Every structure is written in structure tokens, then in C-alpha cells.
Amino acid sequence: MSKAQHGGVSRRGFLGLAGAAIAAPALAACNVSGNSGANKAGGGGALKFWDMPWGTPAYNDLGKKIITDYTGSTKATYQIIQWNGFYQTFSSAIASKTGPAVSSGAGFQAFQFADQGQIAYADNFIESLKKDGTYDDFLPGVLDTMKTDKGYAGVPWQTDVRPFWYNKALLDQAGVSVPTSWDELLAAGKALKKVGVSGFATGAGAGNNLGAHTMVAMMVNNGGGMFDPDGKPDCVTDANIQAMTFVRELANEGIIDSGAVSYTADNLDAQWKNKKAGIGIHTPGLAARAGTTGKDLHVMDPLKSSSGTVAGLFFVNNLMMYTNTPSQEASEAFLKYYLGQIHTYWQSPVGVAVPVLKSIAKADYYAKDPNQVAIVDKWMPVCKTYAAKKTQSFAALAAVDGGQPLAQFAQAMLQGKTDPKAALTTLQQGLESIVKR
Amino acid sequence: MTLTQGVSTKSRSRPTAPPAPSTKGKRPSRRAITMILLVAPAIILVVLINAYPLVVAASQSIHNGTLIVTGDFVGLSNYADVVTSPRFWSAARFTLIFTVVGVFGSWLAGMGLALLLRTKIPARGLFKILLMLPWVVPIVVSSTAWNWLVGTPDSPLPALASQLGFGEVHFLADPTLAAITVCVFKVWVSFPFMMLMTSAALAAVDTGVYEAAGIDGAGRWQQFVHITLPLISRSTYISWILMTIFCVNDFPTIYLLTGGGPVDATSSLVVLAYRSVFQDLLTGPGVAIAFLMTLVLVIISTTLYRQIKKVDIA
């Protein structure tokens, strides 16, 4: 027995144990890796469904129940992905083959990941919807927004419209009627300003995209948009310059709150709640977010722009299937089941946006809210996506929405100091730098 | 001990000492191999943890890919695009201002309070705890509180400014005021750290030195400049290095309060890097910015570290 063996374990033995200790987790890791590769969208062969917090916390509770109740041949699992850092979460999971088989997500996420070969196109699924009649249940136009040259990148499940809202009590106080055109909007804004209220409430502060959405909505309203029919950036157009000249006039008249450039979503909500906002573009759920002021808030009809056109902006949120799945059949079977259950989100209700199915939009539980009916009946038929004037969406829109060029552009316009043509030229250059890649 | 004794002791010890191992041309001993094997897992782990992300990031910075796909090799064009962009230099300028104000503002405030807390004031312990709160409270909570304080015209500070006759002040909407607000916020968040560092350094200073200086006729200011500052200089340089790194890498303080706006007025390099990667989805340029930041930080840290060594020698 050597001296080193006094402790009961020889040096060689100790090193052997140490080696084994190191090797065990390494081998285990290899095994896990092997498993994940074999099962693809993992969970022991289960189908992973990732969902975002689309409404109140009750939304995700209901979502989890829907997935738990799924009795398809492949078991489904439910995971909530927070909006904060969602792109990193999805990207890193997809890169490591641990991503979902089916998910909801940002409006242009499907196009973005389709461009990188990660999306399973939904053409077969859409065909099956034609057979069972669900296809005809979609509101006009929404399915078309999912089309790409290679197929359907996703399946719509709700739309996020950007309608004009107004506070009737404040308009009455200012002695003006509800505007129907930009000229009337300007007049109403001037009247509202006299009673200390913003006639074009928006915000472009930290984490608030509404200012950017508002600028694009105004361009689209005036017959413009950020892209030409081929999908190339085309910002410096007469329609856009006219729209942004109007926005600058609103800013210079003091109709846009000079603090709007820094308002977060919470700041802006506070302005609506505190009766400091009389008119503005916002989300479909504004009235529900405005507390007791909500009862005074109503959706306006789409406005006739300076050029005489009527249009609005919407985002078609969709469900997407990934190539990394236990099987494509399992993904499609799950998606069909899920699409058949989404009406419960509006039935409950749990704070989701505007439905894409006629059967939900016309149901009593939805139609009791006149604001939501106005959004479906009056806004959706005239709405276009970020891609306007191109009809199809594309991958680069994911970078455009929330990207720096558009956010900066919105802030510059809300300050009211920048020449519209110069600001649009800068936006054009910024978009070209994103889209070219 | 005499010289003879010393020599004899030395000579006696020689035969008992093990012969010095000569490694030249020989294989390492079993003991050395054992040591290497024992340390190897830790070294491999550290190298993997540090080196792997670094190598991946370096690769991303010379490709035009995304977080999922590597993309095409583009050489140093991402770096060239970044350094020729006015937005990069605008962000670099704000980073410099933010860092200088953050480091020296928090140092001055921290040192002032550390000196104050050395005097006999009632409830000193309670004050120490209260003064630590800005550092202890999560930055999400602090930024929400500051947004409430200055975010809208109805917020307390703008309302106060309006009542004092300054008109409608938009702390976060005006580019200059937003930059000032963010810098002040940084000082507010950081001064407790500086206070803690300075307090620890001051506690190590011998009070007898001040008594001697007092007898020699040195006033309080002279004592501060010629005794206190030199004696705590090592700690000061270390706190400057740390705070410089904290400021340059500080993302949440800026992003949560202003998002880098309005119109990039408060966009620092780290905010620009984040927005390039995760909002514009331009991974290569974003990572290139991060690498350039690292280079600058290494230069600044090395310079300050050399200053510490000079102090040690002195």
C-alpha cells in the first residue's frame, strides 16, 4: 500500500473517480442532445406549443387549459413566452433545435423564420380548411396577408387594428363633432387644445411602438406606405410627404402633446385615463385600459385623408408551424384543434384583440361591444399591413416593426421640427440598410 | 544571530533539503501530472465558458447572418459600416458623457456622503441603510419610479417646474433634458456604491495622521487634499475602473427610462448594439459595436490599473 492510499482511496483511484464524475454529465449531455435530435420538437415526443401573453393573465390560463384538453395522438405542451426578449428566445431555441412545433408570435415572425427555412408552410392545412368550411369563415382579406411566393407562412387567429378613438365627453366639452376627415381632425384638435386636451394622442417613448404605428397609419390612410408594390422601400412619395406635412402641422399647432415623443405605453394610457387625450390612434383594447374613462371612449369611422383616400393599418397575428416538429401531421392536427377552440378567448373574454373568424365576430358575446363591432365592420375592410403598397408581407418587416429607423422617424415627426421630406429620406435610407440584408 | 551561526545553519540545512528537480529534458513528475489533471477540468470549463461565446461572437461580427443562420463571410465590412456611421459616433459621444458624469458624479456624491457619515450625526446607521437603497432596489423599479417622477406634464417634477414659472418642462422629450435626466439617474443609482467603497477606504486611514497634521497647522481642506485623497487613492482608482465598466456596459438605466430617445439623444453604444441586434436584426454590426466597446474598455481599464501600480510603488 503506498503512502497515497492512507485516505482509503489511491491517487489513481481518485483521478479515476474525478474523471468519471466529469464524464458522467458530459455523457448525459450528449445523451440529451441525442434525444432532442431524435425527438426534434422534444418534450419526450410531445408537440410544443409556445404562446405569448396576448391578453390578461386569464388568457394564458385559458390557453393552457385548451392545450391540456387536447387529446390528439401526439401530446401537446404549453409554454408562455414573454414579449420581452421574445426574438432571442425563439431564435436561440430554433437554432438549438429545441423550439416549438407550433406557436403564436409577432406579426411578421412567420415571414422572418420562413425566410430562414424554419417554417412549415400551411398550404396543405389551408386546403383542409377549405374542405371543412373554416376557410369561408375567415373575414375577407385576412388569409391573403399570410401568402408568400412559397406558400402560406401562417394561419391568422386575431388582428391588431390601429383605429382612431375619441373621447365623446371631451369632444362635447370642446363643442366639436366627431371628425370624418383630416381637415375636421385638425379643426377638432384646435378646439380640444383650447380645453387642454390633445387632439392627436400618441407616444413614442421607451418600448412604445404606437407612435411609429401612427405614422405608418397616416401614410397608409393617405394612399402611401413605406414600400412600393415590389416590396422595396419607397418612403419619399407625394402621398407620404403630404401625410407627414399634416402630422407636422398637428405638432406645430400643439395638437400633438409635446411630451408625446417620450411617452411610454403607460404614460399614454394615463393621458387617456386622465382625460388629457381627446382623439388618437390606439389599440382595439383602449377602452378596457382606460378605467372609468373607458365608457366615454368610442371608435371613430376611418377618416378621409387630404388626398381623399380612406385606409387604416392592421397587424394580422398568426399561428405558425415549424419544420422542427414530431410530425407535420401532428402539427396540422393540433392546429386544427386549436383554431376550433380560439372562440373561447372572446367568449370569456380575456382581453385579446379582434377576431379573424366571422363566426366569432358575429357572435352575441362579441357583438355586444359596439366599439369592437365598428372595428370589424368599418376598419378591417379598409386596413392594410406594414407591407403596403405591396400586398404580400415579407421577412424584413420584422426588422422594420420596432426597428430603429422607424422609431427615430416617428420621434422626429412628433417633435414637429423636422422637414417631412428630409425625415422620409432618412427613413428610406434606414429601411434600405435593413431590407438589403 | 551571528554571521557564523547563520552560515552554519544554512550549511546544515542543505543535506536535508530535497534536491531541486531539474525539469530540463525530463518528463513531468507524477505529482505535477496529478496537479495538472486536478486543475484541468476547472481550466477547461473556464476556457469554454469564456472562449466559446467570444469565438462565436467574433464569427458573427464578420458574417452577415442572424441569430439562427451564420450568413456570408463579409470580412471587416461590419466594422467599417459601424465606424463610418454617424449614429455610432453619436452613441460614442453620449457614452463618454454618460460615463464621465456617472463616474465622477457618483464618486463626488458618494465621497461627500461617506465623509458626512464619519461625523457624529444621529441615526447614522439608518441613514447608511437608506442611502444604500438606490443601489439595492432593482433598476426596473427605479426606472419606473423615475418615469413616474418626470414622464408626463402631470408628473411631480414637471408640475413643480410649471408652478415655479418654468412653463411646461418635458424632462424626457427634450433631447438635452433627456440626456441630463438619464445622467442624473445614473448618478442617483450609483452613488451608494461609491459611498461604500470610499467609506471602507476611509475606515482604514489612521486618525493619528490627522492629529499630527492638525498640530502642524493643516486646515480641514488641506487635510482632505493632502492626506485623505492620497491615502484613499488606490480605492478611488479601483472604484473608477469598476464604475467606468458599469457605465459603459449599462443598458437598463438608459433603455428603461428613454429607450435611447428622443431621436437617439440618449443612445449609448450598448443600447445601439442591442437595438442593432435585436430590433434591426443586424447581428453582425451589433456584435461589431460590442467588440469595439470591449476594446475601449480594456484600454481604459489598463490605463487606470497602471495608475494603481504607480500609487502602490509610490
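Readers should treat all values here as calculations from the given coordinates under stated rules, not as data from a laboratory. Keep in mind that this is a model prediction, so the values were computed, not measured. A quick note on method: Cβ atoms are made from the backbone with ideal geometry, for glycine too, and the neighbour counts reach across all protein chains shown.
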Taking the dipole of region B:87-313 about the Cα centre (Lys, Arg +1; Asp, Glu -1; charges at Cβ), the one of B:278, B:91, B:231 that reaches farthest to the positive side is B:231
Note on region B:117-243: contact order normalised by length, alpha-carbon pairs under 8 Å, 6 or more apart, percent, works out to 19
Listed residues B:41, B:175, B:156; largest mean-square fluctuation, Gaussian network over chain B with Cα springs below 10 Å, found at B:41
With +1 at each Lys and Arg Cβ and -1 at each Asp and Glu Cβ, the charge dipole magnitude of chain A around its Cα centre, to the nearest 20 debye, comes out at 1240
Note on region A:230-315: C-alpha Rg/Rh, Kirkwood Rh, two decimals, gives 1.01
In whole angstrom, the spacing between the Cα centers of region A:230-278 and region A:375-414 equals 14
Beyond 29 Å (Cα-Cα) in this structure, taken from A:193/A:304; A:194/A:273; B:120/B:310, we find B:120/B:310
Ordered by fewest other Cβ atoms within 10 Å, a rough proxy for footprinting exposure, B:226, A:282, B:63, A:213 read B:226, B:63, A:213, A:282
The set of residues whose placed amide H lies less than 5 Å from the amide H of residue B:261, leaving out same-chain residues fewer than 5 positions away, is B:266
Along region A:163-178, Karplus-curve 3J(HN,Hα) (6.51, -1.76, 1.60; θ = phi - 60°) to the nearest Hz, with x for Gly and Pro, reads x, 7, 10, 9, 9, 4, 4, 6, 5, 4, 4, 7, x, 10, 8, 5
Percent relative contact order for chain B, counting Cα pairs under 8 Å at least six residues apart, stands at 25
Dipole check, chain A, charges on Cβ (K,R +1; D,E -1), about Cα centroid: among A:134, A:176, A:335 the Cα furthest to the positive pole belongs to A:335
Partner shielding of A:403-413, as the mean number of partner chain Cβ atoms within 10 Å, equals 5
Checking A:57, A:156, A:233 against a Gaussian network model of chain A (alpha-carbon springs below 10 Å), the top fluctuating residue turns out to be A:57
Farthest towards the positive end of the dipole of region B:87-313, among B:158, B:200, B:245 and with Cβ unit charges of +1 on Lys and Arg and -1 on Asp and Glu, lies the Cα of B:200
Sorted largest first, the C-alpha extents of region B:230-314 along its principal axes in whole angstrom are 50, 26, 15
Binned at 10 Å starting from 0, the alpha-carbon pair-distance distribution of region B:75-174 in whole percents comes out as 12, 21, 32, 24, 8, 3, 0
Short to long, in 5 Å steps from zero, the percent of alpha-carbon pairs of region A:147-264 per bin is 2, 10, 16, 19, 19, 14, 8, 6, 3, 1, 0
Computed over region A:289-364, the distribution of all Cα-Cα distances in 10 Å bins, rounded to whole %, is 13, 29, 31, 18, 9, 0
Diffing region A:89-100: the Karplus 3J(HN,Hα) column from phi (6.51, -1.76, 1.60, θ = phi - 60°), in whole Hz with x for Gly and Pro, holds 4, 5, 4, 5, 5, 5, 4, 9, 6, 10, x, x
So, for the Cα atoms of chain A, Rg and Dmax in Å stand at 25.6, 103
Kirkwood radius from Cα pairs of chain B plugged into Stokes-Einstein at 25 °C, 0.890 mPa s, gives D in µm²/s equal to 101
At the level of C-alpha centres, the distance separating region B:187-204 and region A:170-222, in angstrom, is 49
Note to self: C-alpha centroids of region B:265-304 and region B:82-96 sit apart, in Å, by 10
Kirkwood radius from Cα pairs of region A:86-226 plugged into Stokes-Einstein at 37 °C, 0.692 mPa s, gives D in µm²/s equal to 174
Sorted by chain and number, the residues with a modelled amide H under 5 Å from that of residue A:76, at a separation of 5 or more or across chains, are A:47
Sorted by chain and number, the residues with a modelled amide H under 5 Å from that of residue A:319, at a separation of 5 or more or across chains, are A:155, A:157
A correct Karplus calculation of ³J(HN,Hα) over region B:187-203, with 6.51 cos²θ - 1.76 cosθ + 1.60, θ = phi - 60°, whole Hz and x for Gly and Pro, returns 4, 4, 6, 9, 4, x, 4, 5, 4, 5, 4, 5, 4, 5, 5, 5, 5
Note to self: Kirkwood Rh of region A:148-203, Cα pairs, one decimal, Å, is 13.7
Here the FRET efficiency for residue A:116 versus residue B:226, based on Cβ atoms and R0 = 56 Å and rounded to 0.05, is 0.30
In debye to the nearest 20, the charge dipole size for region B:87-313, taken about the Cα centre with +1 at each Lys and Arg Cβ and -1 at each Asp and Glu Cβ, equals 500
Taking Cα pairs closer than 8 Å and at least 6 residues apart, the relative contact order of chain A in percent is 25
If one builds a Gaussian network model of chain B from Cα atoms under 10 Å apart, the most fluctuating residue listed among B:56, B:248, B:100 is B:56
For the protein assembly as shown, the Cα convex hull volume per residue in Å³ comes to 254
